Amino acid sequence: MMRVLEFLVALVIVIVLGVVAAVVMPGSGHVDRSLVVGKDIRQVYDVLNNFRRLPDYSVLRSYDPHVEFKFSGQAYGAGSELSWNSTDPKVGNGELTIASATPDFDKIDSNTKKASIVWNLDNDWRGMDKHFTLDLERQGSRGQLTNILWSYDVDYGWNLVNRFANLYIHGDPDAFIQFGLNNLQNVLAAIPNVDYSQLIPYVQQTQPTPVLLVPTSFALKDGLDGLDDATNKAVALIQASAKKLGVNVTGPRIIFTTNYGDQTDTFDVALPIDSSTLTVAGQSVQLTAPTPAALDASGAPAEASSATDAASAAAALAPGSRDRFARLVVDSNVRATLAFGGAALKGVWNGTYVGVRPTREMLKAYSQTHGYKFDDVVNRSYDILVTPEVKDAGGNITTYSKFEIYLPVTDAPAKTPEQEAGLQPPAPDTGSTPASASTAPAAAGTAPAPASTAAAPAAAASVSH
């Protein structure tokens, strides 16, 4: 009996000591880790202000490669949600929700020094009001670096059992942050260092459109004059073919980017037409979308491996046949195919053609930070000359060209954040983009950063897509 009594007394003492220890323990927990990355604060902010890239850098997939993620709520910003399910007890089930992001995305520019994003967490970790805070601060002599301070906070209240969980805050919560930071750095490193803070892109649903096109190239040493000459020759060929086919051209010229070379750029010049059924070599042919099946590892057209192969390829290019991309051969130079179809991220550039390529790179970087998928080999980016430039009698540009640049994307929301907010590009007469004789033309050898961007989707109606 005495031993039983001694055991009960000892048990009471242990319980009392445990209660006292729990009472004196803090009622909340905090852990943080930081990392400096070589990225502009806007890019880091965009990656963290949506969850579409989180599976790429989260520790959860490292624990369980088969973990299932589900996106819901808003595509970007406050209200974005990500839930996960796993049979691995270390991963379990949980949900993250973006509670706030300050400042608003459209307020972040080269003068922004700090930003903060809060993620609410709901999982089986002990405690209440669990949340991650991601504080961003611009650093570096030129502001080209961003310090990411990722912290985790939890309230244990007066739940004495939960308070003991503070002893293990350097376990799963700490690992979630540290692993996430390390992998986030890798994700950010794959995104080009492009400043797209002035870009206002829109997601536009495009429709399959019949086009006639001519594969074209020009030497970079010839500059914009060489590009204009190559493009004009291709357009003339297409217009002549359209006349022979008895179809009408329905919109401005389109350029599909094929390959950027060190000395030569290759591209397809196209014009939309009003019929998807053509009569070629006495046969009525229904146009179909091109296929990338004949691309080599670099994304360029596969070349004939021998003289015999080359002769066979040339013979196969008879009118009415299909080329290596399954495009209809109208004649030795002109092809016909269905273009577009599906979602595309669109931006607008007002100026010379030199600015089209930087705008395209902005769209790609924007897609990567927002989690929109694209494959520029399978679905080529393209640009449409909406309004050609105007010159006076002396050859001076009085009104610059307007180009719409498109990047086909998948897994994208119906609208970009800019679209949701109703943001519009600055008007040409604001001086932010060259538009009149009072604004000096951009030099042909320079690549100005686009300052104006996407107009409303209806602006491309004349292009029939």
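The values are calculated or read from the model by the stated rules, or taken from the named source; none is laboratory data. What you see is a predicted model; the values in this text were computed from it and never measured. Virtual Cβ from ideal backbone geometry, glycine too; neighbours counted across all protein chains shown. Just so you know, the surface numbers come from the protein's heavy atoms only, side chains and all, with ligands and any DNA or RNA stripped out. Shrake-Rupley method; radii C 1.70, N 1.55, O 1.52, S 1.80 Å.
Just to be sure, is Asn50 under 23 Å from Asp195 (Cα atoms), open to solvent by less than 10 Å² (accessible area, probe 1.4 Å) and in a loop (DSSP other than H, G, I, E, B)?
Details: under 23 Å from Asp195 (Cα atoms): yes; open to solvent by less than 10 Å² (accessible area, probe 1.4 Å): yes; in a loop (DSSP other than H, G, I, E, B): yes.
It is true that Asn50 is under 23 Å from Asp195 (Cα atoms), open to solvent by less than 10 Å² (accessible area, probe 1.4 Å) and in a loop (DSSP other than H, G, I, E, B).
Quick check on my filter: what residues within region 86-136 are part of a strand (DSSP E or B) and more than 24 Å from the chain's Cα centre (by Cα)? Steps first, please.
Filtering region 86-136 for residues part of a strand (DSSP E or B) gives 94-102, 114-122, 128-136.
Listed by number, the residues that qualify are Gly94, Glu95, Asn120, Leu121, Asp122, Met128, Asp129, Lys130, His131, Phe132, Thr133.
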### Task
Spot the failing condition for Asn166; the list is (1) touching a strand residue (DSSP E or B) at 6+ places or on another chain (Cβ under 7 Å); (2) at pLDDT 90 or above; (3) surrounded by 20 or more Cβ atoms within 10 Å (Cβ to Cβ), and only one is missed.
(2)
### Query
Any residue in region 373-390 that is more than 23 Å from Leu224 (Cβ to Cβ), among the hydroxyl-bearing types (Ser, Thr, Tyr) and not in a strand (DSSP E or B)?
no
### Selection within region 354-380 - open to solvent by less than 10 Å² (accessible area, probe 1.4 Å) and of a type in the set (S, T, N, Q)
Thr359, Ser367, Thr369
#### Entry: Scan of region 177-210 for residues that are more than 26 Å from Leu423 (Cβ to Cβ), open to solvent by less than 30 Å² (accessible area, probe 1.4 Å) and not β-branched (Val, Ile, Thr), ordered by number
Gly180, Leu181, Leu184, Pro210
### Task
Go through region 183-207 and give me each residue that's in contact with a Phe, Trp or Tyr (Cβ under 8 Å, 6 or more places away or on another chain) and not hydrophobic (A, V, I, L, M, F, W, C).
Asn183, Asn186, Tyr196, Pro201, Gln204, Thr206, Gln207
#### Entry: Selection within region 79-115 - over 22 Å from Ala175 (Cβ atoms), polar (S, T, N, Q) and open to solvent by 30 Å² or more (accessible area, probe 1.4 Å)
Ser100, Thr102, Ser110, Asn111
### Query
Given Gly143, Gly223, which one is at pLDDT below 95, open to solvent by less than 60 Å² (accessible area, probe 1.4 Å) and more than 26 Å from Leu271 (Cα to Cα)?
Gly143
### Query
Would a scan of region 119-137 turn up a residue that is of a type in the set (Gly, Ala, Ser) and loosely packed, with under 13 Cβ neighbours inside 10 Å?
no
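For (1) modelled with pLDDT under 90; (2) surrounded by fewer than 22 Cβ atoms within 10 Å (Cβ to Cβ); (3) under 15 Å from the mean Cα position of the chain (by Cα), each residue gets a yes or a no:
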site: Leu385; (1), (2), (3): no, yes, no
site: Asp392; (1), (2), (3): yes, yes, no
site: Phe403; (1), (2), (3): no, no, no
site: Leu407; (1), (2), (3): no, no, yes
site: Pro428; (1), (2), (3): yes, yes, no
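When you scan region 353-376, do you find a residue that is within 25 Å of Thr410 (Cβ to Cβ) and at pLDDT below 90, even just one? Talk me through it step by step, then tell me what you get.
To start, the set of residues in region 353-376 that are within 25 Å of Thr410 (Cβ to Cβ) comprises 356-376.
Now narrow it down to the ones that are at pLDDT below 90: 376.
The answer is yes, given that some residue of region 353-376 is within 25 Å of Thr410 (Cβ to Cβ) and at pLDDT below 90.
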### Query
Assuming Ala242 fulfils every condition listed in (1) more than 24 Å from Asp262 (Cα to Cα); (2) aliphatic (A, V, I, L, M); (3) open to solvent by 60 Å² or more (accessible area, probe 1.4 Å) apart from one, which condition is it?
(3)
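If I filter region 20-47 down to residues being surrounded by fewer than 19 Cβ atoms within 10 Å (Cβ to Cβ), of a type in the set (A, V, I, L, M, F, W, C) and at pLDDT 95 or above, which single residue comes out as farthest from Gly92 (Cα to Cα)? Even if it seems obvious, please write down each step before you answer.
Here is the first cut: in region 20-47, the ones surrounded by fewer than 19 Cβ atoms within 10 Å (Cβ to Cβ) are 20-28, 30-36, 38.
From what's left, of a type in the set (A, V, I, L, M, F, W, C): 20-25, 31, 35-36.
Right, trim to at pLDDT 95 or above and you get 35-36.
Details: Leu35: 27, Val36: 31 Å.
Step by step, filter region 20-47, then rank; the result is Val36.
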### Query
Can you spot a residue in region 391-408 that is within 10 Å of Ala344 (Cα to Cα) and part of a loop (DSSP other than H, G, I, E, B)?
no
